[in-house]
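Novice: Sharing a structure here in structure tokens format.
The values are calculated or read from the model by the stated rules, or taken from the named source; none is laboratory data. The shown structure was predicted, so the numbers you read here are calculated from the model rather than taken from an experiment. When we count neighbours, we look across all protein chains shown, and the Cβ atoms used for this are built from the backbone with ideal geometry, even at glycine. Note: areas computed on protein heavy atoms with side chains; ligands, DNA, RNA excluded. Shrake-Rupley method; radii C 1.70, N 1.55, O 1.52, S 1.80 Å.
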Amino acid sequence: MPDSTRVPGTGLTRRSLLVAGLAAGGGLLLSVGLPKFGGEALAADGPFAPDAFIRIGTDGAVTLVMPQVEMGQGTYTSLPMLIAEELQIDLSQVRLEHAPPEDKLYGNPAIGFQVTGGSTSIRGFYEPLRKAGASARTMLVAAAAQMWGVDPAACDAAHGIVLHPASGRQASFGSLAEKAAALPVPKDVALKPVDKFTLIGTPAKRLDAAGKVDGTAIYGIDVRLPGLKIATVAACPVFGGKLKSVDDTQARAVKGVRQIVRLDDAVAVVADHMGAAKKGLAALTIEWDEGPNATLSTEEIVRQMEALAATGPGVDDKKVGDVDAAERAAARTVKATYQMPLLAHTTMEPLNCTVHVRSDACEVWVGSQVLSRAQATAAEVTGLPREKVTVHNHLLGGGFGRRLEIDSVTQAVKIAKQVDGPVKVVWTREEDIQHDIYRPYYYDQFAAGLDAQGKVTSFRHRVVGSSIVARWLPQAFTNGLDFDAVDGAAGPYGFANLHVDYVRHILPQGLETGWWRGVGITHNAFVVEGFVDELAVEAKADPVAFRRELLANDARARGVLDLAAEKAGWSGALPARSGRGVSLLLGFGTYMAQVAEVEIGKDGAVKVSRIVCAVDCGVVINPDTVKAQVQGGIVYGLSAALYGEITLKDGRVEQSNFDSYQALRIEEMPTIEVHIVESREAPGGIGEPSTSGVAPAVVNAVFAATGQRLRQLPIDPDRLKGA
């Protein structure tokens, strides 16, 4: 997802509007009218929709109708903490319900519709949910004060009870809920100052942990329904190809196989269980029409991008000063080309979707980051109105941007239209890896000028890559610029003369690229930090000191850089064939520095022994979540740096499972230290920065250990043999 709290071209603002009313069955209901595209908000005098955000029942139960999905990032704990803080209740008193698909009620304020991604859950809901909680508390206190005939200022709330200390009177939230629902919503409710927080900023146990431990947590793949059939699928192995013919004679003979479903570009086997479905699929004799991409290769894609980098007209992102003049006056010029490969997501829970299509309705059970889009595609495929499509959301066994896509939902609904009763479509790992929507291939060119003292006088960066925004969020693709592709393309640095431009590479039809635990910053952090390290070497300067000089007056950036260097013992000695490298980034509203320590074997193998990370993400909601997110992001990013690469040959993806698309093994896990800067700045995102920062720190450490500069990922051990 893009790193933005205000998406270009959408006209989004942070305005939100609270509406109160009586909950179904009694009690107080607070709805937050959030902005949608065009900046319109839910009108206060419009129809009041039940089940929006906060319900306080007559039994005192506080329910948060969760607008965001939980995919391991801790949203189901951190967002309730915002409400509990302002309501002055214990976190254990908050119950959770999945929100249904509805952009107007549950849209992400940072993006404009119902979506979980881009490290925006806290950034988007930090103020609206606190405001809702504070408003509910104010209304409950006002209801109690009115009942007792006292000044509301003389009352307080704690643990679900309104108190009047002077008289000793108490009233539970439940007994006051209906009275509070009849009161006007306060227009300018006061939020707690940071120094008054009692819950926010403290380590809180994950509310979703118990169910995951005892097995009661339900993921999409766990759905069980009466009469449920299981299907698995094979799509054309060549991107853009079609299904030509199928001989299903042997497949139908497999015990448990019930049906063969043909689509334009795929075939599915429907069976009583997954084992029979897989055996049936393997028994099919399929002939494909491979189409125009039958000879497509990674080498061809790189040739196209190389030509675009040399001749393609770029779209300017940033122009500061006079780069041309500065280059002419430079004492020396440094140039470099960097490349980053296509990457798959490989979520632990394979893609799956359960669908039951009836003549007058459709039900979908899925774990999705974009519930309203899942509903919309089901409506389109079935021809039903959206209100006739029910989407049941579930926990996600990993998202990383893959479940921001709806291709698997669309396919499942197409299959279900031909099946009598509910059917669960499960992709195999091979299908998942070979038909992913990949992180784009990027081809980056740099040039920088240095003066006689080694100071940077100019910085030029051309980004060549496909545009995710043009496909996924077309209203934000303006004047040919993909704002995400150039996110962080100059790092957090203050270059006096700067030029960043973007050249779009249009991929062959059928080969799609998408979000990958952040995208623009995942590639720009690597290429910029690698090139800045090169400039430090050219200037004969220490890499940390060199970066510090480039940071102008950015105290937060200097703070994390200095902290990471201090905690890592930056200047300390290391054994032979070992090295330290540093990276610095500003992404998703968060400043982060990482120092990596590596050891290089004689065979060129890279062992990452230690990662020290300093993070300034503004106000911290749950420090345990921040640490876990940083650790998980580093593992994800390190897997990609060491092994991640999707390659094409004859129009096909060559990787198929974890033997050929490797993930970091437990014995390869480095020691990770996370140091959180105490801050009162607005919250930044934390789900994606650490993924972006680890690769450049590692390759810069490899250079320190070997003198070999790596400008392409994944790391190639052959280049390091004997170095």
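Novice: Quick test of your reading of the structure: Gly494 fulfils all but one of (1) part of a loop (DSSP other than H, G, I, E, B); (2) open to solvent by less than 30 Å² (accessible area, probe 1.4 Å). Name the failing condition by number.
Specialist: Single failed check for Gly494: (2).
Novice: Suppose we filter Ser408, Ser372 for residues that are of a type in the set (Ser, Thr, Tyr) and under 23 Å from Asp208 (Cβ atoms); which single one remains?
Specialist: Only one candidate qualifies: Ser372.
Novice: If you scan the range 344-386, which residues turn out to be part of a strand (DSSP E or B), buried (at least 21 other Cβ atoms within 10 Å of the Cβ) and either of a type in the set (Gly, Ala, Ser) or free of Cβ contacts under 8 Å to residues at least 60 places away in the same chain (or both)?
Specialist: Cys362, Val364 - these are the residues of the range 344-386 that are part of a strand (DSSP E or B), buried (at least 21 other Cβ atoms within 10 Å of the Cβ) and either of a type in the set (Gly, Ala, Ser) or free of Cβ contacts under 8 Å to residues at least 60 places away in the same chain (or both).
Novice: Which of the residues spanning the range 35-93 are more than 14 Å from Pro128 (Cα to Cα), modelled with pLDDT under 90 and among the aromatic types (Phe, Trp, Tyr)?
Specialist: Result: Phe37, Phe48.
Novice: Has the range 414-434 got at least one residue that is closer than 30 Å to Leu551 by Cα, touching a residue at least 40 places away in the same chain (Cβ under 8 Å) and not β-branched (Val, Ile, Thr)?
Specialist: No, every residue in the range 414-434 fails to be closer than 30 Å to Leu551 by Cα, touching a residue at least 40 places away in the same chain (Cβ under 8 Å) and not β-branched (Val, Ile, Thr).
Each row is one residue, and each column tells you yes or no for (1) crowded, with 19+ Cβ neighbours inside 10 Å; (2) among the polar types (S, T, N, Q).
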{"residue": "Leu642", "(1), (2)": "yes, no"}
{"residue": "Gly651", "(1), (2)": "yes, no"}
{"residue": "Glu654", "(1), (2)": "no, no"}
{"residue": "Asn657", "(1), (2)": "no, yes"}
{"residue": "Met669", "(1), (2)": "no, no"}
{"residue": "Pro683", "(1), (2)": "yes, no"}
{"residue": "Ile686", "(1), (2)": "yes, no"}
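Novice: Evaluate the following for Gly240: is it under 28 Å from His98 (Cβ atoms), in contact with a Pro (Cβ under 9 Å, 6 or more places away or on another chain) and open to solvent by less than 50 Å² (accessible area, probe 1.4 Å)?
Specialist: no
A quick yes/no check of all residues on (1) closer than 18 Å to Leu404 by Cα; (2) basic (Lys, Arg); (3) open to solvent by 10 Å² or more (accessible area, probe 1.4 Å):
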site: Thr77; (1), (2), (3): no, no, no
site: Lys104; (1), (2), (3): no, yes, yes
site: Ala110; (1), (2), (3): yes, no, no
site: Ala153; (1), (2), (3): no, no, yes
site: Ile161; (1), (2), (3): no, no, yes
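Novice: Let me ask something else. Can you find a residue that is among the polar types (S, T, N, Q), in a strand (DSSP E or B) and at pLDDT 95 or above anywhere in the range 702-723?
Specialist: Scanning the range 702-723 turns up at least one residue that is among the polar types (S, T, N, Q), in a strand (DSSP E or B) and at pLDDT 95 or above.
Novice: Further question on the same structure: What is the residue count in the range 696-708 for residues that are of a type outside the set (Val, Ile, Thr), open to solvent by 10 Å² or more (accessible area, probe 1.4 Å) and either touching a residue at least 24 places away in the same chain (Cβ under 8 Å) or within 13 Å of Tyr636 (Cβ to Cβ) (or both)?
Specialist: Residues meeting the conditions: 3.
Novice: Filter the range 477-491 for residues that are modelled with pLDDT under 95 and open to solvent by less than 10 Å² (accessible area, probe 1.4 Å) and give the result.
Specialist: Hits for the range 477-491: nothing passes.
Novice: Moving on to the next point. Need pairs with beta-carbon distance below 6 Å; first residue more than 18 Å from Asn352 (Cα to Cα) and within the range 198-226, second among the acidic types (Asp, Glu) and open to solvent by 50 Å² or more (accessible area, probe 1.4 Å); sequence gap 6+ or separate chains.
Specialist: Hits for this filter: Pro203/Asp624.
Novice: Just to be sure I understand, how many residues within the range 59-91 are among the polar types (S, T, N, Q) and free of Cβ contacts under 8 Å to residues at least 40 places away in the same chain?
Specialist: Of the residues in the range 59-91, 1 are among the polar types (S, T, N, Q) and free of Cβ contacts under 8 Å to residues at least 40 places away in the same chain.
Novice: Something else about it: Here's a check for you: in the range 425-471, which residue that is among the β-branched types (Val, Ile, Thr) and part of a loop (DSSP other than H, G, I, E, B) is surrounded by the fewest Cβ atoms within 10 Å (Cβ to Cβ)?
Specialist: Here the residue is Thr428.
Novice: Shifting gears a bit: Only one of (1) assigned to a strand (DSSP E or B); (2) open to solvent by 60 Å² or more (accessible area, probe 1.4 Å); (3) among the hydroxyl-bearing types (Ser, Thr, Tyr) fails for Thr295. Which number is that?
Specialist: Going through (1) assigned to a strand (DSSP E or B); (2) open to solvent by 60 Å² or more (accessible area, probe 1.4 Å); (3) among the hydroxyl-bearing types (Ser, Thr, Tyr) one by one, Thr295 breaks only (1).
Novice: Restricting attention to the range 311-332, and to residues there that are open to solvent by less than 60 Å² (accessible area, probe 1.4 Å) and among the β-branched types (Val, Ile, Thr), which single residue is nearest to Asp484 (Cα to Cα)?
Specialist: Within the range 311-332, the match that is nearest to Asp484 (Cα to Cα) is Val315.
Novice: Also, I was wondering about something else. Scan the range 117-149 for residues that are touching a residue at least 40 places away in the same chain (Cβ under 8 Å), among the hydrophobic types (A, V, I, L, M, F, W, C) and surrounded by 23 or more Cβ atoms within 10 Å (Cβ to Cβ) and jot them down.
Specialist: Across the range 117-149, the qualifying residues are Ile122, Phe125, Leu129, Ala132, Ala136, Met139, Leu140, Ala143.
Novice: Report those strands (runs of 3 or more DSSP E) wholly inside the range 164-259 carrying at least 1 residues which are within 30 Å of the chain's Cα centre (by Cα).
Specialist: Of the strands (runs of 3 or more DSSP E) lying wholly inside the range 164-259, those with at least 1 residues that are within 30 Å of the chain's Cα centre (by Cα) span 229-235.
Novice: Checking Ser245 against (1) hydroxyl-bearing (Ser, Thr, Tyr); (2) under 19 Å from Gln411 (Cα atoms); (3) open to solvent by 60 Å² or more (accessible area, probe 1.4 Å), which test does it fail?
Specialist: In the conditions (1) hydroxyl-bearing (Ser, Thr, Tyr); (2) under 19 Å from Gln411 (Cα atoms); (3) open to solvent by 60 Å² or more (accessible area, probe 1.4 Å), Ser245 misses (3) alone.
Novice: What pairs can you find where one residue is in the range 622-640 and within 19 Å of Trp516 (Cα to Cα) and of a type in the set (A, V, I, L, M, F, W, C), the other is assigned to a helix (DSSP H, G or I) and open to solvent by less than 20 Å² (accessible area, probe 1.4 Å), and their Cβ atoms are less than 6 Å apart, with a gap of 6+ or different chains?
Specialist: Val630/Ser690; Ile634/Ser690; Ile634/Val694; Leu638/Val694
Novice: Checking Ala704 against (1) closer than 25 Å to Arg558 by Cβ; (2) within 22 Å of the chain's Cα centre (by Cα); (3) not basic (Lys, Arg), only one condition comes out false. Which one?
Specialist: Among (1) closer than 25 Å to Arg558 by Cβ; (2) within 22 Å of the chain's Cα centre (by Cα); (3) not basic (Lys, Arg), the lone unmet condition for Ala704 is (2).
Novice: Considering each residue of the range 86-142, count those that are of a type in the set (Val, Ile, Thr) and assigned to a helix (DSSP H, G or I), and give that number.
Specialist: Count: 3.
Novice: Out of the residues in the range 398-424 that are open to solvent by 20 Å² or more (accessible area, probe 1.4 Å) and of a type outside the set (D, E, K, R), which is nearest to the chain's Cα centre (by Cα)?
Specialist: The residue in question is Phe400.
Novice: Can you name every residue in the range 502-553 that is under 30 Å from Val238 (Cβ atoms), open to solvent by less than 20 Å² (accessible area, probe 1.4 Å) and of a type in the set (Val, Ile, Thr)?
Specialist: Val503, Thr513, Val519, Thr522
Yes/no per residue for (1) in contact with a helix residue (DSSP H, G or I) (Cβ under 6 Å, 6 or more places away or on another chain); (2) surrounded by 15 or more Cβ atoms within 10 Å (Cβ to Cβ); (3) closer than 30 Å to Thr138 by Cα:
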site	(1), (2), (3)
Pro186	yes, yes, yes
Lys205	no, no, yes
Asp208	yes, yes, yes
Asp214	no, no, no
Ile218	no, yes, no
Asp222	no, yes, no
Lys229	no, yes, no
Val233	no, yes, no
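Novice: Right, here's the next one. Quick one: which residue in Gly618, Gly604, Gly569 is at positive phi and open to solvent by 10 Å² or more (accessible area, probe 1.4 Å)?
Specialist: After ruling out the rest, the residue left standing is Gly569.
Novice: Here are Val532, Val528: which of them is at pLDDT 95 or above and either assigned to a loop (DSSP other than H, G, I, E, B) or in contact with a Lys or Arg (Cβ under 7 Å, 6 or more places away or on another chain) (or both)?
Specialist: Val532
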